[in-house]
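In what follows, a structure is listed as structure tokens, so that the remarks can point back to it.
Nothing in this text is a laboratory measurement; each read-out follows from the coordinates by a stated rule. If you're wondering where the values come from, they're calculated on a predicted model, not measured in any experiment. Neighbour counts are summed over all protein chains in view; Cβ atoms, including those assigned to glycine, are modelled from backbone coordinates with ideal geometry.
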Ligand code: ADP
Ligand code: ASP
Ligand code: MG
């Protein structure tokens, strides 16, 4: 019996008419093999970036309901074009927006979360031999307003649909062959991974590997739904993201992620007393700003310095909030540094091995890279360094942990 497959194609995979025709060919061969297919698409190429730029030309802080109404249009174009290409091949392609299907989200415009996916319509279409082609990245809230799921959110639409449909396979097609040991555009010696665990992928995605949106991995992990990440340009098996227990290999470090779009803020000379961290961070989180790495220095003279990183887009707002906090707390100056990058090494094998951190720090020292912040979790170590040293650091760590070499366990 045929399988039910959900296929999601990213922006580069639908960047122009030729790429859309290639996607239609992919679907045609799946249909010819007797399978049922539901498709989720991103907007073409950089069109989401272009729409955001346009909105910001008018207002750098656009109203978020209208921002969502605008940026969701990109996906509406690509789904209609693919349906046209499928119909040309005699396949019953039919475009759908999230609105038409009832993909329900909360009301957090520009970063909404999916609450419920109504699949009865899709199922009846599939039974009629239709290939539903669905807009990724968007949903609707309780009031019927259009929402979007955050950058890279089409991955989450794909996974959420695959889970709701109980699909046999969830395939995420992108512009690289799968998940690599590090971003292959940052380091040429990056190696394609055959498989990676949900847990490792969660850490990689949350620390900058944009190949899969974090929420997509959270969703897949929650529903124990394996995801295959593949190239829409080249044939190959790609990478299977799945439950840890199915993976035999256990390298100490599985992958390295890097991100250079954060900024570091420091509030100096705040009183070193209980409750200060909460007083500093609460107004930041109340403003909807996500805080990443946090460091509180050892106090001296009953005062301390407190440093944390945020997304660079939130820097100005965070700085304004800190200035107010500093006045109320009787603190000192605020420093802002956006010349930073964060490098993280991730691996389940770290649990069973001591000395991983020191090996990481030695490798960075050998390359004369200075570390300004360090943070760890059970299977991840992250360091903040200068932005200009990001590529050098990734290469040094990739080499130090021999990530270009296949494990022969
Ligand atoms: P899409 O438009 O298909 O969703 P994205 O640009 O969102 O594609 O994600 C794919 C990109 O993710 C790749 O081009 C690559 O530069 C980047 N990337 C970052 N880390 C990794 C990694 N570990 N493995 C593969 N790609 C990665
Ligand atoms: N088009 C949206 C973005 O560029 C969603 C996606 O591509 O996943 O972020
Ligand atoms: Mg993406």
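A few comments on the model shown:
- With contributions of -39500 (n - 2.57) from each DSSP H run of at least four residues, the per-residue ellipticity at 222 nm computed over the chain stands at -10500 deg cm²/dmol.
- The average projected area of the chain, computed from the convex hull of its Cα atoms over all directions, is 21.8 nm².
- The fewest-to-most ranking of 207, 254, 285 by surrounding Cβ atoms within 10 Å reads 285, 207, 254.
- The order of the peptides 221-229, 194-202 by mean Cβ neighbours within 10 Å, most packed first, is 194-202, 221-229.
- Amide N of the stretch 298-323 lying under 14 Å from the label point, which is placed 7 angstrom from the Cα of residue 337 along Cα→Cβ: 305-310
- Percent of Cα-Cα distances greater than 17 Å, calculated over the stretch 290-338: 36
- Angle between the chain longest axis and helix 47-58 axis [Cα atoms, degrees, rounded to 10]: 60
- Kirkwood Rh in Å, taken over all unlike Cα pairs in the stretch 137-234: 14.2
- Between the helical axis of 17-32 and the longest alpha-carbon principal axis of the chain there is an angle of about 60 degrees.
- Burial order of peptide ranges 349-359, 4-14, 81-91 (average beta-carbon count within 10 Å, highest first): 4-14, 81-91, 349-359
- Projected-area mean, the stretch 1-142, by convex hull of Cα positions, square nanometres: 8.6
- The mean sequence distance of close C-alpha pairs (under 8 Å, at least 6 residues apart), as a share of the length of the stretch 179-230, puts its relative contact order at 26 percent.
- Share of Cα-Cα pairs in the stretch 257-350 lying beyond 22 Å, as whole percent: 29
- Length gained when the stretch residue 402-residue 291 is fully extended (0.36 nm per residue, less Cα-Cα span): 36.8 nm
- The stretch 272-409 - Debye-derived log10 I(q)/I(0), Cα point model, q = 0.09, 0.13 Å⁻¹: -0.35, -0.68
- Length-normalised contact order for the stretch 257-409 - Cα pairs under 8 Å, 6+ apart - percent: 28
- Relative contact order of the chain, pairs being alpha-carbon contacts under 8 Å that are 6 or more residues apart, as %: 13
- Once the Cα-Cα distance is subtracted from the 0.36 nm per residue extended length, the residue 317 to residue 58 segment shows a gain of 91.4 nm.
- For the listed peptides 370-377, 105-112, 73-80, a ranking on the average number of other beta carbons within 10 Å per residue, highest first, reads 73-80, 105-112, 370-377.
- The convex hull built on the alpha-carbon positions of the stretch 316-367 has an orientation-averaged projected area of 6.4 nm².
- Nearest-ten-degree value, helix 315-329 long axis tilted from longest Cα axis of the chain: 40
- FRET efficiency for residue 88 and residue 66, using Cβ-Cβ distance with R0 set to 35 Å, rounded to 0.05: 0.50
- D_trans [Stokes-Einstein, Kirkwood Rh over alpha-carbon pairs] for the stretch 66-224, 25 °C, 0.890 mPa s, µm² s⁻¹: 147
- In plain terms, the bigger the Kirkwood radius, the slower the diffusion; for the stretch 154-299, with that radius from Cα pairs, at 25 °C and 0.890 mPa s, Stokes-Einstein puts D at 141 µm²/s.
- Stretched out straight at 0.36 nm per residue, the stretch from residue 77 to residue 361 would grow longer than its current Cα-Cα span by 97.5 nm.
- Debye equation applied to the C-alpha atoms of the stretch 179-227, log10 I(q)/I(0) at 0.17, 0.19, 0.32 Å⁻¹: -0.48, -0.59, -1.26
- Ratio Rg/Rh, restricted to the stretch 61-127 and using Cα atoms, in which Rh is the Kirkwood radius: 1.05
- Residues of the stretch 219-244 falling in the label zone of residue 22, defined by backbone nitrogen less than 16 Å from a point 7 Å along Cα to beta-carbon, are 230-238.
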